[in-house]
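Q: Following this message is one structure expressed as structure tokens.
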Amino acid sequence: MTMKKMPVWASLALLLAFASGCKTTGANTNSQAPWLSQLIQQLEQEAPANPPAKVYRYTYNNQEVYYLTGRCCDIPGKLFDKDGNQLCEPDGGITGKGDGRCTDFAEKRTNETLIWEDKRER
């Protein structure tokens with residue numbers, strides 16, 4: 001019993017079929033919360049920040065939270081719960097210490113995961 005060679009076009013079609021079934025892990029996947037996707041889309045429509053905006057996921061006080069880095073200088077970062085409710089501003093502002101509602105965030109946060117980073121050039 002001999003095996004026939006598969007035509008090149010058939011091999012490519014098969015490869016494309018497998019590749020189209022793969023999921024991406026980018027910031028705008030369907031598994032992401034709608035409020036977070038909207039926040040990222042809003043950031044992408046604004047001028048790039050310096051330093052670039054980033055969104056991280058952490059565990060803080062036994063809950064999943066999302067941290068949006070401060071845009072620059074005195075502009076505070078923002079901490080959100082998993083439903084998109086703003087919990088506090090952990091850093092930034094005139095004092096650099098945020099709004100004072102989660103002063104222990106930097107020390108207690110764990111499980112850092114970068115969710116999105118603005119890679120556009122300023």
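The values are calculated or read from the model by the stated rules, or taken from the named source; none is laboratory data. Owing to the predicted nature of the structure, the values given are computational and were not obtained by experimental measurement. For neighbour counting, all protein chains shown are included, and Cβ atoms are generated from backbone atoms with ideal geometry for every residue, glycine included. Note: accessible area is taken over every heavy atom of the protein model, side chains too, but ligands, DNA and RNA are not part of it. Shrake-Rupley method; radii C 1.70, N 1.55, O 1.52, S 1.80 Å.
Q: Just checking, how many residues over segment 83-103 are assigned to a loop (DSSP other than H, G, I, E, B) and out of contact with any Pro (no Cβ under 9 Å at 6 or more places or on another chain)?
A: 5
Q: Out of (1) under 30 Å from E107 (Cα atoms); (2) modelled with pLDDT under 50; (3) not hydrophobic (A, V, I, L, M, F, W, C), what's the single condition that is false for P51?
A: If we test P51 against (1) under 30 Å from E107 (Cα atoms); (2) modelled with pLDDT under 50; (3) not hydrophobic (A, V, I, L, M, F, W, C), just (2) comes out false.
Q: If I filter segment 82-115 down to residues being hydrophobic (A, V, I, L, M, F, W, C) and touching a Leu at 6+ places or on another chain (Cβ under 8 Å), which single residue comes out as surrounded by the most Cβ atoms within 10 Å (Cβ to Cβ)?
A: Here the residue is F105.
Q: If you don't mind, another one. When segment 38-51 is examined, which residues are found to be open to solvent by 50 Å² or more (accessible area, probe 1.4 Å) and either in contact with a strand residue (DSSP E or B) (Cβ under 6 Å, 6 or more places away or on another chain) or over 23 Å from K97 (Cβ atoms) (or both)?
A: Q38, Q41, Q42, E44, Q45, E46, A47
Q: Which of the residues belonging to segment 58-75 are modelled with pLDDT of 95 or more and crowded, with 19+ Cβ neighbours inside 10 Å?
A: Y60, V65, Y66, Y67, L68, T69
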